[in-house]
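Everything on this sheet refers to the single structure shown next.
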Amino acid sequence: MSDPETKPEQDSTLAPPQQPNFTGNYSIWPPKQRTRDAVKNRLIETLSTPSVLTKRYGTMSADEASAAAIQIEDEAFSVANASSSTSNDNVTILEVYSKEISKRMIETVKAKSRLADDGNTSVGTPSSAADAVAVLSLD
């Protein structure tokens, strides 16, 4: 009988464990709907709760923020998607999307703040980024 304390010798000719294959199809553009929804939810949170941005320009109601977030994300997606026809670099396209969201968010809160400062009691979300810029250029 063999000694239970003795371990059998390991065969040194065994192949090393295989590494996972990461060469599958992975694309960051266009984002999945789940990602786009997460962006919208984050925009709503940023626009409707205290933050550096809302401390300076004021918070929006949840309904205003929701409408603005949907519009901001949709417009940013359209701009980025249009840029995808001129660029095959998904990282660059994603960067356009991100910058457009930031730009449009700031335009929206500035326009809302400007309308509130002018005494407009029915402050709403600009119908487009162009409207936000038009409000800002009234100075």
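The values are calculated or read from the model by the stated rules, or taken from the named source; none is laboratory data. In this text the structure is predicted, and so the values were computed from the model without any measurement. Cβ sites come from the backbone with ideal geometry, for glycine too, and all protein chains shown count toward neighbours.
Right, I72: touching a Pro at 6+ places or on another chain (Cβ under 9 Å), modelled with pLDDT of 90 or more and buried (at least 17 other Cβ atoms within 10 Å of the Cβ) or not?
no
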Those residues of the stretch 87-134 which are more than 14 Å from G58 (Cβ to Cβ), among the β-branched types (V, I, T) and at pLDDT 80 or above amount to V91, T92, I93, V96, I101
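Is it the case that the stretch 12-34 has a residue that's exposed (fewer than 14 other Cβ atoms within 10 Å of the Cβ), modelled with pLDDT of 90 or more and outside any loop (DSSP other than H, G, I, E, B)? Write out each step before concluding.
Kept after step one, since they are exposed (fewer than 14 other Cβ atoms within 10 Å of the Cβ), are these residues of the stretch 12-34: 12-28, 32-34.
Subsequent filtering for residues that are modelled with pLDDT of 90 or more retains 32-34.
Subset that is outside any loop (DSSP other than H, G, I, E, B): 33-34.
Scanning the stretch 12-34 turns up at least one residue that is exposed (fewer than 14 other Cβ atoms within 10 Å of the Cβ), modelled with pLDDT of 90 or more and outside any loop (DSSP other than H, G, I, E, B).
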Could you tell me how many of the residues in the stretch 75-95 are of a type in the set (V, I, T), closer than 19 Å to Y26 by Cα and surrounded by 14 or more Cβ atoms within 10 Å (Cβ to Cβ)?
2
